Amino acid sequence: MRFARTLGLAVLLSLLLVLLGAAVGLAVVGVHQSWPLLGLGVAAVVAVLVALPQAWWSRLPFAVGFAVVVVLAMVPRAEGDYLVGSDAPGYALLVLTLALVLAAVVTLPRPPSRRRADPAGRTTDSLR
């Protein structure tokens, strides 16, 4: 029962963090043409990334929500124009998105080891 409650809470928090990442991504896309506001957006993204704990349910969903909004903003519109242009602020936003996703993936917690030490200090495979 406790595991199910913890798992349910982790799923709920990850969904909320996807929405938070999408909201932050939308805000940064909206202001990315102004260098000072883009700098503020970068600071906000870094602050959230540092504040979130290293867990599968925290940093990665935030980064995915952010990246989805930025990628959707880079798709050409029906009129033939772009929301994120191919200028310096647009490339800076793309680099920010790639760095955010990379940082979220690199800082994922390591899976637990399947090896354990026996009383003599040698490591053995626990699956045998």
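A Förster radius of 30 Å, combined with the Cβ-Cβ distance separating Ala103 from Leu16, puts the computed FRET efficiency at roughly 0.90.
Distance between the pseudo-spin-label points of Glu79 and Ala23 (7 Å out from Cα toward the beta carbon): 2.8 nm.
The Cα atoms of region 34-94 define a convex hull whose projected area, averaged across directions, is 4.7 nm².
Computed from the coordinates by the stated procedures, all read-outs in this text should not be read as laboratory data. For clarity, every value in this text was computed on a predicted model and none was experimentally measured. Cβ sites come from the backbone with ideal geometry, for glycine too, and all protein chains shown count toward neighbours.
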